[in-house]
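Chemist: Here you go, one structure.
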Amino acid sequence: MVLAQLGGSISRALQQMSNATIIDEKVLNECLNEITRALLQADVQFKLVRDMTTNIKKIVNLDDLAAGHNKRRIIQQAVFNELCKILDPGKPSFTPKKGKPSVVMFVGLQGSGKTTTCTKYAYYHQKKGWKPALVCADTFRAGAFDQLKQNATKAKIPFYGSYTESDPVKIAVDGVETFKKENCDLIIVDTSGRHKQEAALFEEMRQVAEATKPDLVIFVMDSSIGQAAFDQAQAFKQSVAVGAVIVTKMDGHAKGGGALSAVAATKSPVIFIGTGEHMDEFEVFDVKPFVSRLLGMGDWSGFMDKIQEVVPMDQQPELLQKLSEGHFTLRIMYEQFQNILKMGPIGQVFSMLPGFSAELMPKGREKESQSKIKRYMTMMDSMTNEGKIG
Ligand code: GDP
């Protein structure tokens, strides 16, 4: 996946710096130049990258650091913090509450992945015990209802739509009413898209929003537009109260970093990213864990979240207790490998473990990775009990 390459380049730059015997101005500059190159390649805005390197140099004033200071650690921490700053919108998203009916309206251009993302969002919450439902208020694109119906049926999520009604507002209102009566707590309304931003799209969006009074409007955006995401997100925000953004197709485009940072610059929180066409190729987006994973430093909170989905309920408290205490033995790793094989896309899960970069699991080579895990497990099988505990 392309983001993994970005993360890989940055981690390699940091690693090379760590390998240097003495960290002086020259070594730091080389490291920052590498990071700059990687970020610009991912289409992150030049000014953001320049500010980031200036800040790092200011924080890491090599002359002022006493000899005893761990310069590597300080530089790594500064890079981590600055990357977080670039991606932080400075504002959290509204989160719907389980058990209380919420209406979530999806908006975005045609082809951005809106309909697919509606189902992914519903499926994600369903796995966490919510009662989601899908309403297709996209009357513009032929086949939109069939697509939603097909996805919803596959995920066993109730849906509502019409082949004959042409008024999206009426469908949206009827759908929301129907599912409120059925005690659904997450009613997701998929709206029409257009090929480009145009007045008719924004007007329709406004009308559906006015009639359904959504608790949250999610703007879905294709990452391939990179920095241009800033203008697109602003345009949608000006027409309807966008509360959160989902950036799709992060698996296929080199410009993902640019898109994420551009959205953050509009002060809209990105809440999920789409990383493939399948239902479970969908990840929660949280700035710090994301940067941590990007740099190969793992993401315990994401890992624990995944574990809760697959580990039997009675085994969860003990495991979570051990993990939260930082108690991670080979035996636990072995048991989790068994669970990982059940957890969904293997690359996604593996990148949550410290020391494993998502680069190790390139998309399309997951089968190979799966057999790698099985090989690790065989290696562990040959170890003594003491070895596994240590
Ligand atoms: P809509 O017109 O915005 O509703 O877009 P669709 O949901 O129909 O998606 C357009 C295309 O993008 C479809 O072929 C989807 O399978 C694909 N798609 C959606 N999300 C992702 C993603 O995260 N990664 C990849 N690779 N493809 C995606």
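The values are calculated or read from the model by the stated rules, or taken from the named source; none is laboratory data. Fair warning: this is a prediction, and the values are worked out from it, not measured in the lab. Methodologically, a virtual Cβ is constructed for each residue, glycine included, from the backbone with ideal geometry; neighbour enumeration extends over all protein chains shown.
Chemist: Within region 71-112, can you find the residues that are at positive phi and modelled with pLDDT of 95 or more?
Modeler: Applying the first criterion (at positive phi) to region 71-112 yields 90, 99, 108, 111.
Scanning region 71-112 gives no hits.
Chemist: Give me the pairs, please: first residue somewhere in region 107-124 and closer than 21 Å to HIS253 by Cβ, second residue anywhere and in a helix (DSSP H, G or I) and within 8 Å of the ligand (Cβ to nearest atom), beta-carbon distance under 7 Å, and either six or more positions apart or on two chains.
Modeler: Listed pairs, sorted by first residue: GLY108/LYS114; THR115/ALA144; THR115/GLN147.
Chemist: If you don't mind, another one. Considering every residue within region 244-258, establish whether at least one is within 24 Å of LEU201 (Cα to Cα), part of a loop (DSSP other than H, G, I, E, B) and at pLDDT 90 or above.
Modeler: So the first thing to find is which residues in region 244-258 are within 24 Å of LEU201 (Cα to Cα), and the list is 244-249.
After this cut, where a residue has to be part of a loop (DSSP other than H, G, I, E, B) as well, the list is 249.
The next check asks that each one be at pLDDT 90 or above; those that pass are 249.
Yes: one or more hits.
Chemist: Follow-up question, since we're still on this one. Would you please name the residue that is nearest to PHE202 (Cα to Cα), looking only at residues in region 81-115 that are within 16 Å of the ligand (Cβ to nearest atom) and surrounded by fewer than 23 Cβ atoms within 10 Å (Cβ to Cβ)? Before the answer, list the steps.
Modeler: Taking region 81-115 first, the residues within 16 Å of the ligand (Cβ to nearest atom) are 104-115.
Those still in the list that are surrounded by fewer than 23 Cβ atoms within 10 Å (Cβ to Cβ) too: 109-111, 113.
Values: LEU109: 10, GLN110: 13, GLY111: 16, GLY113: 18 Å.
Among those that are within 16 Å of the ligand (Cβ to nearest atom) and surrounded by fewer than 23 Cβ atoms within 10 Å (Cβ to Cβ), it is LEU109.
Chemist: Could you check region 175-206 and list, in sequence order, the residues that are outside any helix (DSSP H, G or I) and more than 24 Å from ALA142 (Cβ to Cβ)?
Modeler: Once the filter is applied, which keeps residues that are outside any helix (DSSP H, G or I) and more than 24 Å from ALA142 (Cβ to Cβ), region 175-206 yields GLU182, ASN183, CYS184, ASP185, LEU186, ILE187.
Chemist: Could you list, in sequence order, all residues of region 125-153 that are within 13 Å of the ligand (Cβ to nearest atom) and under 23 Å from the mean Cα position of the chain (by Cα)?
Modeler: LEU134, LEU148, ASN151, ALA152 - these are the residues of region 125-153 that are within 13 Å of the ligand (Cβ to nearest atom) and under 23 Å from the mean Cα position of the chain (by Cα).
Chemist: Okay, moving on. What's the number of the only condition in (1) β-branched (Val, Ile, Thr); (2) touching a residue at least 40 places away in the same chain (Cβ under 8 Å); (3) farther than 30 Å from SER261 by Cβ; (4) within 16 Å of the ligand (Cβ to nearest atom) that ILE171 fails to meet?
Modeler: (2)
Chemist: Separate question: Can you name the residue in region 220-243 that is surrounded by 21 or more Cβ atoms within 10 Å (Cβ to Cβ), touching a Ser or Thr at 6+ places or on another chain (Cβ under 7 Å) and not β-branched (Val, Ile, Thr) and, of all such residues, is farthest from LYS180 (Cα to Cα)?
Modeler: SER223
Chemist: Taking region 257-289 as the search range and keeping residues that are aromatic (Phe, Trp, Tyr) and either touching a Leu at 6+ places or on another chain (Cβ under 7 Å) or more than 20 Å from ALA38 (Cβ to Cβ) (or both), which one is nearest to the ligand (Cβ to nearest atom)?
Modeler: In the first step, residues of region 257-289 are kept if they are aromatic (Phe, Trp, Tyr); the result is 272, 282, 285.
Still in the list and also either touching a Leu at 6+ places or on another chain (Cβ under 7 Å) or more than 20 Å from ALA38 (Cβ to Cβ) (or both): 272, 282.
Working: PHE272: 10, PHE282: 7 Å.
This residue is PHE282.
Conditions tested, residue by residue: (1) over 18 Å from TYR124 (Cα atoms); (2) of a type outside the set (S, T, N, Q); (3) surrounded by fewer than 19 Cβ atoms within 10 Å (Cβ to Cβ).
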{"position": "ALA254", "(1), (2), (3)": "yes, yes, yes"}
{"position": "GLY258", "(1), (2), (3)": "yes, yes, no"}
{"position": "GLU277", "(1), (2), (3)": "no, yes, yes"}
{"position": "PHE282", "(1), (2), (3)": "no, yes, no"}
{"position": "VAL291", "(1), (2), (3)": "yes, yes, no"}
